[in-house]
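Contents: one structure, followed by commentary.
Quick note: the coordinates plus some simple rules give every number you see, no bench work behind them. As the structure is a computational prediction, the values presented were derived from the model and not from experiment. Neighbour counts run over all protein chains shown; Cβ positions are idealised from the backbone, glycine included.
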Amino acid sequence: MSTATAPASAPAARKPATMAQALRQALHDALADDASVHVLGEDVGTLGGVFRITDGLTKEFGPDRVTDTPLAEAGILGTAVGMAMYGLRPVVEMQFDAFAYPAIEQLISHVARMRNRTRGAMPLPITIRIPYGGGIGGVEHHSDSSEAYYLHTPGLHVVTPATVADAYGLLRASIASDDPVVFLEPKRLYWSKADWSADAPQGVPPLGRAVVRRAGRSATLITYGPSLPVCLEAAEAGRQEGWDLEVVDLRSLVPFDDETVCDSVRRTGRAVVVHESSGFGGAGAEIAARITERCFHHLAAPVLRVAGFDIPYPPPMLERYHLPGVDRVLDAVARLQWEAN
Amino acid sequence: MSTATAPASAPAARKPATMAQALRQALHDALADDASVHVLGEDVGTLGGVFRITDGLTKEFGPDRVTDTPLAEAGILGTAVGMAMYGLRPVVEMQFDAFAYPAIEQLISHVARMRNRTRGAMPLPITIRIPYGGGIGGVEHHSDSSEAYYLHTPGLHVVTPATVADAYGLLRASIASDDPVVFLEPKRLYWSKADWSADAPQGVPPLGRAVVRRAGRSATLITYGPSLPVCLEAAEAGRQEGWDLEVVDLRSLVPFDDETVCDSVRRTGRAVVVHESSGFGGAGAEIAARITERCFHHLAAPVLRVAGFDIPYPPPMLERYHLPGVDRVLDAVARLQWEAN
Amino acid sequence: MAHLSPPSPAAAGPAKRSARPAKTPPEATGPGHTPPPGWHPRIDPAPLLPEPEPYRLLGTPAARDVDPALLRRLYEELVRGRRYNRQATALTQQGRLAVYPSSTGQEACQVAAALALRPQDWLFPSYRDTLAVVARGVDPVQALTLLRGDWHTGYDPRARHVAPLCTPLATQLPHAVGLAHAARLAGDDTVALALVGDGGTSEGDFHEALNFAAVWHAPVVFLIQNNGFAISVPLEKQTAAPSLAHKAVGYGMPGRLVDGNDAPAVHQVLSEAIERARTGGGPTLVEAVTYRIDAHTNADDATRYRDAVQVDQWRAHDPIDLLERELRDRDLIDDAELKAVAESAEALAARLREEMNADPVLDPMELFDHVYAEQTAQLREQAAQLRAELDAEEDR
Amino acid sequence: MAHLSPPSPAAAGPAKRSARPAKTPPEATGPGHTPPPGWHPRIDPAPLLPEPEPYRLLGTPAARDVDPALLRRLYEELVRGRRYNRQATALTQQGRLAVYPSSTGQEACQVAAALALRPQDWLFPSYRDTLAVVARGVDPVQALTLLRGDWHTGYDPRARHVAPLCTPLATQLPHAVGLAHAARLAGDDTVALALVGDGGTSEGDFHEALNFAAVWHAPVVFLIQNNGFAISVPLEKQTAAPSLAHKAVGYGMPGRLVDGNDAPAVHQVLSEAIERARTGGGPTLVEAVTYRIDAHTNADDATRYRDAVQVDQWRAHDPIDLLERELRDRDLIDDAELKAVAESAEALAARLREEMNADPVLDPMELFDHVYAEQTAQLREQAAQLRAELDAEEDR
Ligand SMILES: Cc1ncc(C[n+]2csc(CCOP(=O)(O)OP(=O)(O)O)c2C)c(N)n1
Ligand SMILES: Cc1ncc(C[n+]2csc(CCOP(=O)(O)OP(=O)(O)O)c2C)c(N)n1
Ligand SMILES: [Mg+2]
Ligand SMILES: [Mg+2]
C-alpha cells in the first residue's frame, strides 16, 4: 500500500486512492497527531486487519498503540471504555457487522450513557469502526446492516462515509469527537477509488452534516454509505425517463441533518429513501417519518422507501435480489404519483 | 396469589385479576398442557421471579421444568436454543429489559435465523419474556424500552399485551407459536387489574392482529403496551376539546396489522403514534412511515409521533417529564391541522 | 508473605467425584514421537491455585503481626458501615431512597477494599458496594444519588478515582482492566480494584475481563464477594467449581481464597495483590467468602429462598464481632474508644437522615444537557418542547 | 483408562513466575475462629487438572491396545479429509466456492470427533469443521453449501444430528449444552460434542456454556482445537493460562490435554469423555494441541504473521504421517490397502469436483419462505414485488 509510509505532512498530489487507503491514512494521521489515540481489535496488529485498514500501523506505532486483542468483542469495547476513562481515545475495530453484537450491552449500557450518567464528568471519546453491509459475496453473518440498532441508541453518533474523501475526513472527525461514534464502513466501497490525497483534503467535515451529491429538481433520493453509488447511478439513468433527481448523502445518521434534507424535499416535493438494511424499523422509517412531519404540505406523494427485504441477509448467490438496485430505485421514483402534477 | 393453585380446568367466575396473575396463569396452563414447555431464567424458580410471574411454578412442575439458571443472559438464551433444537419449547425470562442486551447476539444471529438458515428444518419455538418500559421508579437500566431493536430483526415476532386478558391470551399464543417470540411485558401494567378469569377466556387471540380499543371519528391514536392506558385516558379527556378519538392497540409489532391500522386512519384521516421508547428510529417511525405510504391521500395532516425523548432513560425523579402523558398526546392531536378541515 | 511454598491442591480434601480416566501419558518410545512442536509447559499452574481453605488472620497468631492502628481503623469503618447500611435501609422505608441493596454482613470486604487502595488507584464498584465507595472517601450522601432516584451518578468519578456504581453485572470488570492497562502504558503506578458478586462471575464479561487482564498483564485486582446468593439463587446453582478462586488458573493468574468476614485478612490479601499488580506482577483474582445478612434489597423477601438457621450461623461469624473480639482480647481498644466509634457511626447516620430528608431539586431541562458534548438539533427541539410544556404548566 | 492416579500438577515444570505471597493459612487458635460457615471444600480440584503434557498414543506402548481396525479407519478418514481440504481449496481458486477455511493439519481432531460419536449423539461444529461434518456422514457436497454461497445450511441438522456449521465464534457452545440438557431431562443417552477454536475460548459464550454445562451436569464434551492461531493472533496473545485445558477446573469439570495430531489419542480421550457424559459423569473440556498448516482461509496470507520454520516443524508432526508410521511399523497396513485408501480419497475429490462444477439453481422467491412458519402480510407483499420484478426481467 503506497500511502503506508508517507509521513502525514509530506506534500502529495491527488491520485487514485481507495476508500480503504483513505481510512488507513486517517488512522495513521490520528495516531501520529495525538498520542492518546489507540487502535485495538482482532487482527488489527501484525495482519493489518482482515480488510487491511490498519496495515503497517503496529509496525509504525508499536503494539501498545495498535493492539491485537483476544477474540472477544465485549471485552474489546469494555476495555476501551476503561482506557477512555483514563484519558485515552480508543479506536476499536469490530471485524464484521454481525460480530459487533456481543458488544451491544457495553455499547448501549455504558458507551452511550457514561457522559450522561456522570453529568458530563466522564465523556467517552471512543470510535467504533464496523465494516457493514453486503454486496461482497460474504457468507452468513458477514453482510449485516446494523445501523438501525445504533441510531436508536441515544448518546451515540452514527456516521458512515460514502466517498473516499469522506472516509478520511469523517473518520478523523469521529476520532476527534469527544462523544462515542459508531463509524460504519460500507465494506463494498472499500475498493472504490477516487482521486484524493490526505494532503489536499477538503477540510475535515463537521459531523452531522449531509451533503447534496447531485442537484436535481424532480425528486430527492436520500441515502447513505453503500447505497450512494446506486442512487447516483439511478439518477443518471433517470434522466432517460425525464427525471432530474437530486441525491442527498446523509453521512451522519445521528445527529440527523434535517435542514439539508428538508431543504431538498421542499424544493422537489418528492422523496425516496434508499438503504440496504431491512426496511421494517430501519433508518428509512425514521427519515420518511420526519420528512413527512416537517414537509407534509410540500409533498406531492408519500415518501417512499427502497430497502432490503425483511428477511435475514441472504446468501451470496441471492444477494442481488435483496439489495436495492437501480431498477428498484427507479420503480419507486415512478410510483411518486407523477400524474398528480 | 389466589390463582396459583386453581387447576386449569376448574370453572371460575370472572373476578379482578392483575396482569401479573394472568401472565402467571398463562405460564401455568402452558406448562400443564404441554410437557415440552420449559421455563428458565434468573430467579424464576424458588423466588418466583422478581415480579412473581413464575410464583409457585417450580413447586408445582419441579425444577427441571421451571429452572433457576446461572446468571448469564447469553447462556440462558443460548441453552434455550439447544433445548429447542431437541424439541422443547423454552420460555425464557430476562429479568429486566436492559439485562437482555447480553443475549442479543444469540437473539439476532441464531434465534431469529435458525429456521431460515435450515430452510425450515429447525424452527425454534422460543418465547423470550422481557419486562420493559418505565414508570415504576426504577433506577438506571431498569426502565428501557428496547422494542425497536427487536422489531428490526427479521425472524422474530414482537408481541406486547396491554390488558389483563391479552396478557394471558397473547402469552399462550406466543408459547404455542412455532416461531421465536419476543414477548414484551409492560412492567408498569403488571399490577393493573381487570375482571378476568382464565376459564372464561375470550379465546386465544391470533398473533399479529391489532384491536380497536375505542372507536372514534376525529383521529386515530395508535399505541401498544404501556401507553394504551395513556391513550385511552387522552381519548376521554379529548372529548372536552370536541375530539372523538379512536384508539388502536397494536398488540403485535411484528407481524404488523396494516389492515386494522389503515382502516382506522383512512376513516379518521389523522393519526398520532404514541409510545414511550425514544422516538428516533423507534417503532413510531415505522408506523408513521407505513401509514403515510399506504394512506397518503386520506391524510389531512402528517402522522405525528409522541414518544420518549432521544435521551438515555432518566432517573425516577425525572421520568414523568420523559414519558408521554395525556397532555403531550392531546398537544399532538391539536397539531393535526384542524384548520385545514 | 510469610509462607512461600505453594500449597498442594490435593490437600483440599478427598476426591468427591468418581475416579476418572487416565491422564498420565504413557512414556514415549517410538522414534520421532515427540510432543506437538507448539506445546511447552508455559507456566506452572500450582502456584496459581488458591489456598485449600479461606485464609484467616483473626484468632490466629499471625494477627499479632498486623498493625493495631490498622485493626482499629478497620473496626471503626466496619461499625460506621454497618450503621450506614441500617440507616439507608430505614430511609427506603420512609420513601427517601428508591431502593437499597444492603451489604450488612459484608462490611469487611467493603471496608478492606477501600482501605487497601492508595489515592492514585481506582475502585470499580458493583451496585451493592456503596460502603466501599464511602469508605474510599466519596461523600456518603452523594454516594446514594443513584439509589434515591436522583441523577445516575452523584459524584465525579475522577475526584476520588471511583467509577460509577455499576448495575449491569460484571460489565464494570473490563472497564477496570482497560483503565489499568492504560495506566500501565502511561507508566503510572495505578492499580484498579474491581468488585463483583458470585452471581456476576457467571457472566461472559467476567471471563473476557479476566482474560484480557492476564494477557495484558494489567495491574488489576478482582475481588469476588461470594455472599452465597445471587438474589435467590444459591452458589451451588451458580457454579460447580471447587471454589470461584479456582477460575484464576484458567486465565493464568493467581487465585486467592479468603474469609470475607475477617477484615484484616481481606485487607492483607488485597494489599498483597495490589502490591503485586503495582510492581508489575499482573492481575490477581481474590474470592472472599462472606454472607449477605439482609435481603437482596429492601424490596426482596429472603425468607422465600433461605432459612433462618443459615443466617444465624453467619451472624455467629459476624465481621464486626470477630474483629471486636480480637481487639478486646488483646486489649487493643478500650471502652472510651468503643464509645467514640459508636458515636462516629451515629453521627454519620444522623447526617444521612438529615441530608436525605430534603428533596433534591432536579431541573428537568438538564435531561438534554449531557447526552452529547453539544446538544444536537434534535435535542434542542425536544428541549424547546419540554420548556414550553413547563411554562404552560406554570401558567396554569 | 489404564492409569487411575491423577498426575500432580506441580509436575508440569518449574514455576516460571516470581514467587508469590503466602497461601497456607496460619493455624487457627483463637476461640470460635472457625472458617466461614458457608464454606466447605466442595470437590477436590486435583483430578480436574489436565495431564502435564499432551496425551499421546502413537509411538507409545499403549498404542498396541488400540483396535487396529480403528487405526485403519482413522487413517482412511484422515487421508480422505486431507484430500477433501485440498480439493475444496482448489475449488475456491476456480470460483466454485466463495471461501474455504481449511483444516489441513487438524484432520486428526476432525476425524476423531466424528468417529467417537454414536448415532444418537449430536455434533456442534464451528465454521472450520466441514471435515468433521463429512466424517459424521453428511453428504460432502451438501456440507459445502454455506461456503459455496448457496443457502446457509445445506443439510437437515436432524438427519445426522449435526448442527449447522457455526460462524459466530463460540455461540454454538451453549446450544450444545442446551441440547444435551434437554436430552438428559428426556432420559435419552444422547451426548453432545461441541467444537471450538483456541480463539473462540476468549468469548463470553465459551464461559457461559461451560458454566451451564457443569452446573446442569449436562452430557456434553467440549473440544478445543488449539491450532495456535485465531487468524493472525497467536495463542500467547489469546491467553496466559498454563493450558486451555486448565480452564476446566474453574467450572468444576475435568480438563484433558491431548496431542491433537495423534488421531487415536484424540479418539480415546474423546471417547472416554463421551462415555463419562453418557453415564452421568457430566461434561469434560478437552484441549487438542494441533496446528493450522494452511492459511486461515484461501483469502488469507499467513506469511504476514508467521514464519515458515514453525510450519515446517509442524509438518514434521503431521497427523497422517504419525499414524501411517504406526501402521507401517506394526505392519497393520499393506501397500494394497494404502492404495485403496488413496483411491477412495481421489474418488471423493473427483466427486467434489464434478458436483461442485454445476451451478446450484436457487429460486429467489424462496427468500421469503422460511423467515417465519407462515409468511407475514409484509413478506407476502415483498414477495409479490420481487415476483413482479422477476417477471418484468423475463419480459425484457
Ligand atoms: C446483566 C445483569 N443481569 C441481571 C441483573 C439483575 N440482578 C441484579 S443483582 C442480581 C444478583 C447479583 O448477584 P451477585 O453477583 O452474587 O451479587 P450480590 O447481589 O450477591 O451482591 C441480579 C440477577 C443485572 N443487574 N445485570
Ligand atoms: C463472534 C465472532 N467474532 C469474530 C469472528 C471473525 N473470525 C472468524 S474466524 C476467526 C478466528 C477464529 O480463531 P479460532 O477460534 O482459533 O478458530 P480457528 O480459525 O483457528 O479454527 C475470527 C476472529 C467471528 N466469526 N465471530
Ligand atoms: Mg452474591
Ligand atoms: Mg485457532
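Under a Cβ-only charge scheme (Lys and Arg +1, Asp and Glu -1), can you give me the dipole magnitude of the protein assembly as shown about the Cα centre, in debye to the nearest 20?
Numbers: 140 positive and 190 negative charges, 103 e Å.
Using only the charged Cβ atoms, the result is roughly 500 debye.
Expressed in whole Å with the largest first, what are the equivalent ellipsoid semi-axes of chain C derived from the C-alpha gyration tensor as the square root of 5 times each eigenvalue?
Values: eigenvalues 320, 169, 83 Å².
Over the Cα atoms of chain C, the semi-axes work out to 40, 29, 20 Å.
Could you work out the relative contact order of chain D, using alpha carbon pairs under 8 angstrom and six or more residues apart, expressed as a whole percent? Don't skip to the end; give the middle numbers.
On the way: 627 pairs, mean separation 82.7, N = 396.
For chain D, the relative contact order is 21 percent.
Which residue, C:Pro125, C:Pro319, C:Pro174, has the most motion in a Gaussian network model of chain C that connects Cα atoms within less than 10 Å?
Per the Cα network of chain C with a 10 Å cutoff, C:Pro174 tops the list.
Across peptide D:194-204, how many C-beta atoms of other chains are within 10 Å of each residue C-beta, on average?
Details: counts 1, 0, 0, 1, 1, 5, 2, 6, 12, 14, 20.
Counting Cβ atoms of other protein chains within 10 Å of each residue's Cβ and averaging gives 6.
Filter the GluC sites (Glu not before Pro) in region B:93-154 down to the DSSP loop ones having no more than 14 other Cβ atoms within 10 Å, then list what survives. Intermediate results must be reported in sequence, preceding the final value.
Working: sites: B:Glu93, B:Glu105, B:Glu140, B:Glu147; in loops: B:Glu140.
Hits after loop and neighbour filter: nothing returned.
What nm distances, shortest first, do you get from the label point of A:Arg14 to those in the other copies when the point sits 7 angstrom along Cα to Cβ?
7.3
Using only alpha-carbon positions, what ratio does the radius of gyration of region B:211-340 give when scaled by 2.2 N^0.38 Å?
On the way: Rg = 13.7 Å, N = 130, 2.2 N^0.38 = 14.0 Å.
Dividing the Cα radius of gyration by 2.2 N^0.38 Å gives 0.98.
With only Lys, Arg, Asp and Glu charged, each at its Cβ (+1 for the first two, -1 for the last two), find how big the charge dipole of region B:211-340 is about the Cα centre; round to the nearest 20 debye.
On the way: 14 positive and 18 negative charges, 35 e Å.
Here region B:211-340 has a charge dipole of around 160 debye.
Work from the charge dipole of chain A (Cβ charges, +1 for Lys and Arg, -1 for Asp and Glu, about the Cα centre) and give the residue of A:Thr220, A:Met317, A:Ala283 farthest towards its positive end.
Highest projection toward the positive end goes to A:Thr220.
Quick one: what do you get for region D:244-318 if you divide its Cα Rg by 2.2 N^0.38 Å? Could you put the intermediate results ahead of the total?
On the way: Rg = 16.0 Å, N = 75, 2.2 N^0.38 = 11.3 Å.
Relative to the 2.2 N^0.38 Å estimate, region D:244-318 comes out at 1.41.
Return the Rg/Rh ratio of chain A with Cα-based radii and a Kirkwood Rh. Kindly include the intermediate steps, with their values, before the conclusion.
Numbers: Rg = 19.8 Å, Rh = 20.4 Å.
Reported Rg/Rh, Kirkwood definition of Rh: 0.97.
Using just the helices of chain C, give the 222 nm mean residue ellipticity in deg cm²/dmol: DSSP H runs with n ≥ 4 each add -39,500 (n - 2.57), and the total is spread over all residues, rounded to 500.
Numbers: 13 runs with 158 residues, N = 396.
After summing the helix terms and dividing by residue count, I get -12500 deg cm²/dmol.
When chain D is modelled as a GNM with alpha-carbon springs shorter than 10 Å, which of D:Glu324, D:Glu374, D:Glu354 fluctuates the most?
D:Glu374
For B:Val306, which sequence-distant residues (separation of 5 or more, or a different chain) have an amide H within less than 5 Å of its own amide H, given hydrogens modelled in the peptide plane?
Those qualifying (amide H under 5 Å, at least 5 residues apart or on another chain) are B:Val273, B:Val274, B:His275.
Amide H to amide H under 5 Å from B:Arg213: which residues, 5+ apart in sequence or cross-chain, H placed 1.01 Å off N in plane?
Residues meeting the amide H criterion: B:Val247, B:Val248, B:Asp249.
Expressed as a whole number of Å, what is the distance separating the alpha-carbon centroids of region D:154-196 and region D:281-337?
Using only Cα atoms, the two centres lie 26 Å from each other.
When averaged across all projection directions, what area in nm² does the alpha-carbon convex hull of region A:135-235 cover?
7.9 nm²
Scattering from the C-alpha atoms of region C:30-132 alone, worked out with Debye: what is log10 I(q)/I(0) at q = 0.15, 0.17, 0.21 1/Å?
The Debye formula, applied to the Cα set alone, gives -0.83, -0.97, -1.19.
May I ask which of A:Lys59/A:Lys193; B:Lys59/C:Lys247; C:Lys237/D:Lys237; A:Lys59/D:Lys237; B:Lys59/C:Lys237 have a Cα-Cα span longer than 24 Å here?
Values: A:Lys59/A:Lys193 26 Å; B:Lys59/C:Lys247 33 Å; C:Lys237/D:Lys237 33 Å; A:Lys59/D:Lys237 17 Å; B:Lys59/C:Lys237 17 Å.
Over 24 Å apart, Cα to Cα: A:Lys59/A:Lys193; B:Lys59/C:Lys247; C:Lys237/D:Lys237.
What is the average number of partner chain Cβ atoms found within 10 Å of a Cβ in A:44-55? Spell out each step's value before the answer.
Working: counts 2, 4, 8, 9, 4, 2, 6, 0, 2, 0, 0, 1.
Whole-number average of other-chain Cβ neighbours for A:44-55 is 3.
Using a label position 7 Å from Cα in the Cα→Cβ direction, what is the ascending list of nm distances from C:Asp188 to the same site in the other copies?
5.5
So in region B:15-196, what percent of DSSP beta bridges are antiparallel if you round to the nearest 5? Write down the numbers at each step before the final one.
Working: 4 of 24 bridges.
Around 15 percent of the beta bridges assigned by DSSP in region B:15-196 are antiparallel ones.
Starting from the exponent 0.38 and prefactor 2.2 Å, build the expected Rg for region A:90-182 from its residue count and divide its actual Cα Rg by it.
Taking N as the residue count of region A:90-182, the ratio is 1.10.
With the contact rule set at Cα under 8 Å and sequence spacing of 6 or more, what percent relative contact order holds for region A:211-340? Mind dumping the intermediate values first?
Values: 232 pairs, mean separation 34.6, N = 130.
27 percent.
If we hang a label 7 Å off Cα along the beta carbon direction at D:Gln94, how far is it from the matching labels on the other copies, in nm, shortest first?
Spacings between copies for this position, smallest first, are 8.3 nm.
By DSSP, what percent of the beta bridges with both residues in chain D are antiparallel, rounded to the nearest 5?
Numbers: 2 of 25 bridges.
For chain D, the DSSP antiparallel bridge percentage is about 10.
Within 10 Å of each Cβ of B:149-162, how many other protein chain Cβ atoms are there on average? Could you put the intermediate results ahead of the total?
On the way: counts 9, 2, 5, 14, 8, 15, 6, 2, 3, 1, 0, 0, 0, 0.
Neighbouring Cβ atoms belonging to other protein chains average 5 per residue here.
Taking only complete DSSP H runs, can you tell me which helices of chain D stretch 20 Å or more along their own long axis by Cα positions and average at least 1.0 on the Kyte-Doolittle scale? Could the numbers behind the result be given before it?
Details: long enough: D:68-93 (38 Å, -0.84); D:172-186 (21 Å, 0.55); D:263-278 (22 Å, -0.07); D:335-357 (33 Å, -0.35); D:377-395 (27 Å, -1.06).
In chain D, no H run is both long and hydrophobic enough.
Among B:Ala100, B:Ala288, B:Ala121, which one shows the biggest mean-square fluctuation in a GNM of chain B, springs joining Cα atoms closer than 10 Å?
B:Ala121
Evaluated at 10 °C with a viscosity of 1.306 mPa s, what Stokes-Einstein diffusion coefficient in µm²/s does the protein assembly as shown have when Rh comes from the Kirkwood expression over alpha-carbon pairs?
Numbers: Rh = 33.1 Å.
Value of D from the Cα-based Kirkwood radius: 48 µm²/s.
Order these peptides, D:47-57, D:144-154, C:101-111, by their mean beta-carbon neighbour count within 10 angstrom, highest first.
Details: D:47-57: 26.3, D:144-154: 23.0, C:101-111: 28.0.
Output ranking for D:47-57, D:144-154, C:101-111: C:101-111, D:47-57, D:144-154.
For the protein assembly as shown, give me the percentage of DSSP beta bridges that are antiparallel, rounded to the nearest 5 percent.
Close to 15 percent.
Just the number: Rg to Rh for region B:15-196, Cα atoms, Kirkwood Rh, two decimals.
When Rh is taken as the Kirkwood radius, the ratio is 0.94.
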